[in-house]
1. Conditions: (1) in the same structural domain as B:GLY345 (by TED's automatic domain parsing); (2) under 25 Å from B:GLN234 (Cβ atoms); (3) touching a Leu at 6+ places or on another chain (Cβ under 9 Å). B:VAL262 meets all but one. Number of the miss?
2. Considering only residues of the stretch B:221-254 that are in contact with a Phe, Trp or Tyr (Cβ under 9 Å, 6 or more places away or on another chain) and of a type in the set (Lys, Arg), which is nearest to B:ASN398 (Cα to Cα)?
3. Answer yes if at least one residue in the stretch B:424-434 is in a loop (DSSP other than H, G, I, E, B), farther than 24 Å from B:PRO361 by Cα, modelled with pLDDT under 90 and more than 8 Å from every other protein chain (Cβ to nearest Cβ), and no otherwise.
4. Anything in the stretch B:134-185 that is part of a helix (DSSP H, G or I) and not charged (D, E, K, R)? List them, or say none.
5. Determine if the stretch A:166-183 includes at least one residue that is within 14 Å of chain B (Cβ to nearest Cβ) and free of Cβ contacts under 8 Å to residues at least 40 places away in the same chain.
6. Tell me, please, whether a residue that is surrounded by fewer than 24 Cβ atoms within 10 Å (Cβ to Cβ), within 12 Å of chain B (Cβ to nearest Cβ), under 23 Å from B:GLY369 (Cα atoms) and of a type in the set (S, T, N, Q) can be found in the stretch A:291-308.
7. Evaluate the stretch B:49-68: report whether one residue or more is part of a helix (DSSP H, G or I) and under 29 Å from B:LYS191 (Cβ atoms).
Amino acid sequence: MSPERENHDQEQEIKPAKSEKEIQAKAEKPIKEKAEKPEKPDKEIEVKEKTEKPEKAEKQVKEKREKPEQEAKPVHKMVVSSSPHMFADTSIPKIMWTVNLTLLPAVLFAVYHFGLPAFKTLLAGALSAVIFEAATQKFMKKPITVKDGSAFLCGLLLAMCLPPAVPLFIPIVGSFIAIVVAKHAFGGLGYNIFNPAHIGRAALMVSWPVLMTTWTTMQTVVDTTTSATPLNILKMQGYEALIQTFGSNSELYKALFVGFRNGSIGETSVILLALGGLFLIYKRYIDWVVPVTMIATVGILTWLFGPQGWGSGDPLFHMMAGGLIIGAFFMATDMVTTPITRKGKLIFAAGAGALTVLIRLVGGYPEGVCYSILLMNCVTPLIDRYIQPALYGRK
Amino acid sequence: MLGKNKWGIHPDTHKTSTEGKPIESNALPGRVILPVSQHIGAPAVPLVKKGDLVKKGQLIAEGQAPVSSHLHATISGKVLEVADHPHPTLGKNPAIVIESDGLDEWAEGLPTERDWKSLDKAEILAIIKNAGIVGLGGATFPTYVKLSPPADNPIDTLIINGAECEPFLTSDHRMMLEYSERVATGILILKKVLGVENVALGIEDNKMNAVKAMGEALAGTGVKVMAVPTRYPQGAEKTLIRTLTNREVPSGKLPLSVGVVVQNVGTAMAVCDAVRNGLPLIERIVTVSGSAIAEPKNLKLRIGTSFAEAIAQSGGFKTPPEKLIMGGPFMGVTQYTPEVPIIKGANGILAFTHEDINDGPEAPCIRCGQCLDACPMGLNPSMLSILGERSFVEEALNEYHLLDCMECGCCAFVCPAKRRIVHYIRYSKKMAAPKGGK
């Protein structure tokens, strides 16, 4: 039926009504004009024009709105378009700002925990990301979409993955790389291959390795003797030293769970990040499969490959340490850069978890969440190509 | 449950404005416009010309092709013209226009009471064909064709579709409440024609009063009245078959291939009227609703009544509508003029304001995957829309199962980027179709 339907898939005027009453009724109605699609003279062209949408159509609407009174008598026009004619109350800004909001508890805790420098870094990261996005879009003569919250989210996540007291140029340069290079050079929201925030962080890591690994002492824990992160201590001094630093195993877990430990600004509080993530799962913006698989993979592998052989690891520590929680709930669930099917998401999360463990236990860096997610971003298109949803009627 | 069990969407049903209102049959239309193409298949061939006098129920156009349908005068009066006229789905199309003489006289021999139980299968089929009955759920496929499966294709199940899953529409709901007996008789006639034992009537569980009414009307007949979960598109043929029988119609095949025939409740009632009372299909029940309508109603209207007249009977427009739709909000067809007539498949007239539609500017796909969860066919609408946008028809066809899409609109509904996914899919389908073909 559809080919026939499309024969008049365009806007047309209402023909003059047959009865006088109706003409009067229409004359009284306010003029309303709208166009969704470019007008088309014949089918051949119609087919091509349909693919170039909104900018053009919107321009037309604007033009029409500016000079609507050209017809001899007011004619009420109606929109003719393809179905459906009903849309859910959802939008990209709604999703993005909700994600921003779920990060708020962790952000507030970070500011309390690390003090003013952390606040400045977060602010600089988020705001500069918004400014860079607006500038890029203006430069590329694209519609400016900073209000959708995606640039803010990108800048905020980037800043949350930085040490607390970096110089202010660090989050700004990071946001520049994230927004301009990793996002807009690839075509903007929806087209980027890599998680922009993690690209920003990776670029900063290789450019300013010292600044990016200088962990200042925390405000709230005055007697901490070391200014290293738990994973740093593990890498440099071993597991025993780690337990000694925190006093006991349970003290270590408590510090990780609540967040009173050193680390990047936004990654420290497991409980607050997980609460934000749970809200996103409840809203169905992210799939629970991703964080669960990724964290479980890290837990199982670190337990298996422990320092004293099979099964001697400390999975609880590894599952809560470093950037795993923020990565699993907020980075590995990024819609644009991860697979679209649930099965694909599962593969992505397991892969990211395994790579994290590989880097933590074998690699040179103490933490590997950022690189493991970026590496899995590379194979996302491949996963999407081979993992397809279960079709009706093709058993 | 087999296959994908997470599918479909739960939009606001918006049925409360009309579901409690009895069907009204108001004044006769002064004029009816009867397009000769009201069904799937070849157009009917007009048998009358300008100036002819016709009676209600008289055959005025004959379906001559193997797949076609007869057309009857729906009022008595004079043929004004046989000419092109705006059509709800086909642009401008030939139509027979009749001006009422105000008498509303039946053609000779109508109505005729018959004892349908004494008729055999071939006789019933002939009556259904001669009454011009097509699928009244909206698909308008000629019913007698659907009831004549090839001999080598055994049918074991008849499903009657009373799901009415489209928001706003309540015509089938009211019909099942008010004309339970006629619907029930129609179901029994269909059962006899197909010679099947297994008959199920599926009604969405937001219409429990209809489930009860039909259950009482069908008590002791062996027809199962099933309440199915309210979920769009539950009433689509393929999804209803899956829900009621756990069978899945293979890709590219008809429900016949899994031994199932699906008929709408409205079709069942029309079959009853034709077989038991000798009446051709000349009227149907239409829901007139939407925020732009002053008094939303369920109306019994003669086929050929103009939308404008139906809207006037519903209090007219409260505000100028942004869209005027024939059918439901998900699969309905927008109209450019209220002068189009009601055709056999028109189950609703919806006048929507912007608040009803709630669309917005389109953005690129952010790959959130909500369309994949919503798709009842298990497709990847995200990818289909991206391929359609770039005219990659081959890939959509061969790797993403373009032709499996039934255009139910779930994907576009849930899309946070407000992408017109169904539009891209239709475009791809049209590009993929051989030139000149359908």
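1. Here B:VAL262 meets the rest and fails (1).
2. Only one residue fits best here, namely B:LYS238.
3. The answer is yes, given that some residue of the stretch B:424-434 is in a loop (DSSP other than H, G, I, E, B), farther than 24 Å from B:PRO361 by Cα, modelled with pLDDT under 90 and more than 8 Å from every other protein chain (Cβ to nearest Cβ).
4. B:THR143, B:TYR144, B:VAL145, B:SER171, B:HIS173, B:MET175, B:MET176, B:LEU177, B:SER180, B:VAL183, B:ALA184, B:THR185 - these are the residues of the stretch B:134-185 that are part of a helix (DSSP H, G or I) and not charged (D, E, K, R).
5. Looking for residues that are within 14 Å of chain B (Cβ to nearest Cβ) and free of Cβ contacts under 8 Å to residues at least 40 places away in the same chain, one finds none in the stretch A:166-183, hence no.
6. So the first thing to find is which residues in the stretch A:291-308 are surrounded by fewer than 24 Cβ atoms within 10 Å (Cβ to Cβ), and the list is A:292-293, A:296-297, A:299-308.
If we keep only those that are within 12 Å of chain B (Cβ to nearest Cβ) as well, we get none.
No, the stretch A:291-308 has no match at all.
7. No, that holds for no residue.
One line per residue, one yes/no per condition, for (1) farther than 30 Å from B:GLN64 by Cα; (2) free of Cβ contacts under 8 Å to residues at least 12 places away in the same chain; (3) within 11 Å of chain A (Cβ to nearest Cβ):
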site	(1), (2), (3)
B:SER25	yes, no, no
B:PRO29	no, no, no
B:LEU34	no, no, no
B:SER37	no, no, yes
B:ILE40	no, no, yes
B:VAL45	no, no, no
B:VAL48	no, no, no
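The values are calculated or read from the model by the stated rules, or taken from the named source; none is laboratory data. As the structure is a prediction and not an experimental result, all values here were calculated from the model. Note that each Cβ is placed from the backbone with ideal geometry, even for glycine, and that neighbours are counted across all protein chains shown.
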